[in-house]
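Read the structure below first, then the notes.
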Amino acid sequence: MSRFKAYLELIRYPLFAIPIVATLPGALIASHGRFTWRVAVALVIALFGYFA
């Protein structure tokens, strides 16, 4: 098994949509329906937190 594949398995990559689905509605509501850089940062932080 390659090292890259091992890392993907470790972070449970098939489930990457869970933090996006959980974070996106709240971030969009907080930004009045506009996709701003803050919404993007919130999604990235949610992904990193989930994968950690």
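The values are calculated or read from the model by the stated rules, or taken from the named source; none is laboratory data. All figures in this text were calculated on a predicted structure; none of them were measured in a lab. No Cβ is skipped: glycine too gets one built from the backbone with ideal geometry, and neighbour counts run over all protein chains shown.
Listed by first and then second residue, the pairs linking a residue in segment 11-38 that is closer than 19 Å to Y50 by Cα to a residue that is of a type in the set (V, I, T) and surrounded by 13 or more Cβ atoms within 10 Å (Cβ to Cβ), with Cβ atoms under 6 Å apart and 6 or more places separating them unless they lie on different chains, are A27/V39. Each residue in segment 28-52 was checked for being surrounded by 10 or more Cβ atoms within 10 Å (Cβ to Cβ) and either in contact with a strand residue (DSSP E or B) (Cβ under 7 Å, 6 or more places away or on another chain) or basic (K, R) (or both), and 1 pass. One residue is enough: does segment 9-27 have a residue meeting the conditions of a type in the set (G, A, S), loosely packed, with under 12 Cβ neighbours inside 10 Å and either assigned to a loop (DSSP other than H, G, I, E, B) or at pLDDT 95 or above (or both)? No: zero hits.
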